[in-house]
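Quick notes on the structure that follows.
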Amino acid sequence: MNGIWYYVIGFFIVWTIAFIYKSYNKDSENLEFDFPLLLMLKTKKFRGFIDKLANFSPKFWRWYMNVGIVICFIAMIFMTGLLIQSLSTVFTTPTVSILIPGVEVPGSPIFIPFLSGIIALAILIVVHEFSHGILARVEGIDIKSIGVLLFVILPGAFVEPDEEQIEKASRKSKLRIYGAGSMANIILAIIALLLFAGIGNLAYPAVYDSQGVEIVQVLDGTPAQGHLKESMVINQINNHIVKNATSYSDAVLSLKPNTKAHISTNTGTYTFKLGTNPNNKSLGYMGIKAQQHTVIKENIKKTYGDVLPWGWMVLEDLLKWIYIINLSVGLFNLLPMKPLDGGLMLKEVLSYKFKEENVKLITDFFTCFIAIIIVFSLVMSIISSL
């Protein structure tokens, strides 16, 4: 089933429950909604937990975010430059895409598995919002509520600090609070990457053997359709031996449009004419999605059985998506556009030297400029995939 249906079904279930709940609790203030765009469930629970984390060492949190502010602005400059530079390849290799777990987004070079993606997304949101809450409490800002939300079909969470108190806080306090979420996502991404590398370099070679790549999907209307099928294991592409994901990637990068490809699999060799890669016009295109075909080593299987050893692979896959999603969203959120954290941080820095009307003019310019680039890149990604 297409992943979008999970969200659609979830949308109707959640909204049905919300309407039933509201009809029996008309005076309840913890449920707010604006059908069909936004649903928010608020609670005052977990505020004590955030207080405990904030009181653990306020000095540490301030020092950590003093360094974090510098890192956030370096990332802001890097991401803005990268976004502008991406315009030079927007017609051949789109670099901006929407990441929705379990849904194939037209033009996106990345497909996120539903379960791993949802777990990674939930971790990202909790870490991001709780980090804002922790630094708010460190700076003496009250937390009004904590909750979960549904924006159209996308789930989310929030920590709601007292906005009036934030407005009265010092600029440095605001910068710490605004940058805390993205900084936490970047730190989590680094931790996930280190754990991922540890499993890949230590546990993986000890437990598994790689034997080519397995086809997990043959896309409709592509050159491979009618030739290759799901579950086939590719061992060779033209004269390139395929042993693992790395050698498969090298083989794919050698393919040229409108040439013949000879694909050797566990069920035979198949020859067909390649198309043009929609994300890179210089590359040949088969129209398949594949993953490394891995088997458990015989000595491991005899000791631990056929099921338990696969846990390392599941954990490695989850860590990979925790890394990718946290780094991508964390850095994107630092772009200097409102209402992203980067836009709020830019506004505070500009207010040191400029008058309020000039600060608004500059932040509005950056917001519009970056929004235009993002929308244009997304549109070109979709068009190039058609």
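The values are calculated or read from the model by the stated rules, or taken from the named source; none is laboratory data. Note that the structure is predicted; figures quoted are calculated from it, not measured. As a convention, Cβ positions derive from the backbone with ideal geometry for all residues, glycine included, and neighbour counts pool all protein chains shown. Only protein heavy atoms, including side chains, enter the accessible area calculation; ligands, DNA and RNA are left aside. Shrake-Rupley method; radii C 1.70, N 1.55, O 1.52, S 1.80 Å.
Between residue 208 and 297, the built amide H atoms are under 5 Å apart, and every one of these is 5 or more places off in sequence or on another chain. Here the Debye sum runs over all C-alpha atoms of the chain as equal scatterers in vacuum, and log10 of I(q)/I(0) at q = 0.06, 0.08, 0.12, 0.14 Å⁻¹ comes out as -0.31, -0.54, -1.12, -1.35. The mean sequence separation of alpha-carbon pairs under 8 Å and at least six residues apart, normalised by the residue count of region 237-386, gives a relative contact order of 14 percent.
Could you give the dipole magnitude of the chain about its Cα centre, charging the beta-carbon of Lys and Arg +1 and that of Asp and Glu -1, in debye to the nearest 20?
Working: 32 positive and 28 negative charges, 119 e Å.
About 560 debye.
Surface composition of region 1-74: carbon and sulfur make up 69 percent of the accessible area, probe 1.4 Å. When each of the peptides 12-25, 337-350 is scored by the mean number of other C-beta atoms lying within 10 Å of its residues, the order from highest to lowest reads 337-350, 12-25. On full extension, the segment bounded by residue 357 and residue 372 gains 3.1 nm, given 0.36 nm per residue less the C-alpha separation.
Kirkwood hydrodynamic radius of region 137-275 from all distinct Cα pairs, in Å?
Evaluated on region 137-275, it is 20.3 Å.
Between residue 194 and residue 258, take the C-beta separation as r, use R0 = 56 Å, and let me know the FRET efficiency to the nearest 0.05.
Details: r = 43 Å, r/R0 = 0.76.
The computed FRET efficiency comes out at 0.85.
The relative contact order of the chain comes to 21 percent, based on Cα pairs under 8 Å that sit 6 or more residues apart.
Before I look further, what does region 245-310 give for accessible area per residue, probe 1.4 Å, in whole square angstrom? Write down the numbers at each step before the final one.
Details: 3720 Å² over 66 residues.
Per residue, region 245-310 has an accessible area of 56 Å².
Just need the relative contact order of region 226-297 here, percent rounded to a whole number, with Cα pairs under 8 Å and 6+ apart. Kindly include the intermediate steps, with their values, before the conclusion.
On the way: 105 pairs, mean separation 20.8, N = 72.
Across region 226-297, relative contact order equals 29 percent.
Share of region 193-309's accessible area from carbon and sulfur, percent, 1.4 Å?
Values: 3400 of 6470 Å².
Here it works out to 53 percent.
Convex hull over the Cα atoms of region 279-323, averaged projected area in nm²? Please list the in-between numbers first.
On the way: hull surface 20.7 nm².
Averaged projected hull area, Cα only: 5.2 nm².
For residue 246, the accessible surface of its heavy atoms amounts to roughly 90 Å² (probe 1.4 Å, protein chains only, rounded to the nearest 10).
Normalised radius of gyration (Cα atoms, divided by 2.2 N^0.38 Å) for region 32-112: 1.71.
Using 0.36 nm per residue of separation minus the Cα-Cα distance, give me the extension gain between residue 88 and residue 4 in nm, one decimal. Let's see the in-between values first.
Values: separation 84, 0.36 × 84 = 30.24 nm, distance 3.16 nm.
Residue separation times 0.36 nm, minus the Cα-Cα distance, leaves 27.1 nm.
Couplings for region 128-142, taken from phi via the Karplus curve 6.51 cos²θ - 1.76 cosθ + 1.60 with θ = phi - 60°, read 4, 6, 5, 5, 4, x, 4, 5, 4, 5, 4, 8, x, 8, 6 Hz in order; Gly and Pro are left as x. Helix 356-385 and the longest principal axis of the C-alpha atoms of the chain enclose an angle of approximately 20°.
Which pairs break 31 Å Cα to Cα here: 172/320; 273/297; 26/144; 44/338; 44/320; 22/174? Kindly include the intermediate steps, with their values, before the conclusion.
On the way: 172/320 34 Å; 273/297 37 Å; 26/144 21 Å; 44/338 27 Å; 44/320 33 Å; 22/174 36 Å.
Checking Cα-Cα distances, 172/320; 273/297; 44/320; 22/174 exceed 31 Å.
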